[in-house]
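Novice: Encoded as structure tokens, here's the structure I'll be asking about.
A short reminder: the numbers here are calculations on the coordinates, not readings from a lab. Owing to the predicted nature of the structure, the values given are computational and were not obtained by experimental measurement. Glycine also receives a Cβ, built like all others from the backbone with ideal geometry; neighbour counts cover every protein chain displayed.
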Amino acid sequence: MAQLRQEQRTKLWPVFERAVAIKPDNLDALFQLGNLLRDMNRMEEAEARFRQGLRYQPNMPGLLNHLGLLLLWQARHAEAEECFRRAVHVMPESPGPYLNNWGSCSNRRIDWTKR
């Protein structure tokens, strides 16, 4: 199953790259490409694609959330918190997942050994 997923990623990656080459502000393609690159452990490229999308749509909660998660996984807590905070700010009527991620990020910054 994991092998199949890797093969699918390998096939999909150039499709999304081409879509972004044709239309650099294609937010769906940038979002999917960022996720594919992250899944392929190409973190710098994934971050670049999420940030590219945010240049075109700075308040897109999905991009903010996925960029925040990517930063969180790299222990870049302050940057991740900012992404989650912004996502909550732009989606106050439905902040659930963004608040959860923000809380998780804040929790990781606390040095519990000093309590």
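Novice: Which peptide among 78-86, 9-17, 55-63 comes first, and what is the full order, when sorted by highest mean count of other Cβ atoms within 10 Å?
Specialist: Values: 78-86: 20.0, 9-17: 13.7, 55-63: 16.1.
Order by mean packing, descending: 78-86, 55-63, 9-17.
Novice: Please compute, for the alpha-carbon atoms of segment 1-57, the extent along each of the three principal axes and give them in descending order in Å.
Specialist: 35, 21, 13
Novice: Given labels modelled 7 Å from the Cα in the Cβ direction, how far is it in nm from residue 85 to residue 12?
Specialist: Label at residue 85, label at residue 12, 3.2 nm between them.
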